[in-house]
Amino acid sequence: MPITRRINLVAALWIAFAAPAITRAQSPQSPKSPSRSQQQEQIESLHSELKQKEAQFLAVSDQDSAAYADFLAQRDTGICRLMPRETYDGRLMIRGGGAYYSFTARSSEYGNDTQLGLERGQFHSYLPGASYGYITDLGDLPIDNLSSEQGAISDLAALAAASAEPDARIEQRKAREGLGIGNRVYKNHADAVVNHTYVLRAVIYDRSDTLVAFRAVRQDDDGSLMLVWKIFNKFQTPHLIRADPH
């Protein structure tokens, strides 16, 4: 199905349901006019169909899953699709338009566990509240070649999650401006490049603290990116000591 037809799926189904309803509204005495309960059933049916179509649209293809079957057989690995937020947020029913991902929850819906997003050609880890994320681009380094001794992974693993809110805000500022460790810089965003591998440390207070590597393996003509990923460490859940307001 061409991408333009997929994008307009919601509008097309709405027209299919609403047009007859408008016609019937002009003839309130029509014996064929459905009852309120029947209309509700029709809406629920369309809603269910839309969710099914959208899940298919956001799913990983069988070919991609097969191509990385050996990698995906390893522990703490996965594969996902990220949609470009500027195109799909608000056009799909899923919150965030499929432009976000949680490696810990294995979910593409934007929420409290979201660790990564895709927007305007960049990966980002813009986390809510005092939470923060650091990303670095390793270039065209196969994800299978990574180990816990790899420089970027050991660098991010060595960082202690901030506990006090003022310290967390400092980490947020560093993530925006860039944290230099050795000859590498870590930020909360990086250009999204196919066949590049990235490392991410995402500290989400009261939820998770995760160190993960991911690789952009393919881009579809709708702008979506296929990622394969591997979690290297799940640290102790961080809790924030908030500043005294008095």
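A short reminder: the numbers here are calculations on the coordinates, not readings from a lab. Quick caveat, the model's predicted, so the values are computed rather than measured. Cβ sites come from the backbone with ideal geometry, for glycine too, and all protein chains shown count toward neighbours.
Data overview
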| quantity | calculated |
| --- | --- |
| Mean ellipticity per residue at 222 nm, deg cm²/dmol - from DSSP H runs of n ≥ 4 across the chain, formula -39500 (n - 2.57) | -9500 deg cm²/dmol |
| Residue-by-residue Karplus 3J(HN,Hα) for segment 83-88, coefficients 6.51, -1.76, 1.60, Hz, glycine and proline x | 8, x, 4, 5, 9, 10 |
| Additional length obtainable on full extension of the chain from ASP76 to HIS239, 0.36 nm per residue less Cα span | 56.3 nm |
| Euclidean distance between Cα centres, segment 208-246 to segment 43-62, Å | 26 Å |
| For segment 114-119, 3J(HN,Hα) per residue [Karplus equation, 6.51 cos²θ - 1.76 cosθ + 1.60, θ = phi - 60°, Hz, x = Gly/Pro] | 5, 10, 9, x, 10, 7 |
| Cross-link partners of LYS51 among aspartates and glutamates (Cα-Cα below 14 Å; sequence separation of 8 or more within a chain) | GLU109 |
| Label-point separation, SER107 to GLU44 (7 Å along Cα→Cβ), nm | 2.4 nm |
| Rg ratio (alpha-carbon, reference 2.2 N^0.38 Å) - segment 158-246 | 1.29 |
| Protection proxy ranking, peptides 39-50, 101-112, average beta carbon neighbours within 10 Å, highest first | 101-112, 39-50 |
| The chain - convex hull of the alpha-carbon atoms, volume per residue in Å³ | 174 Å³ |
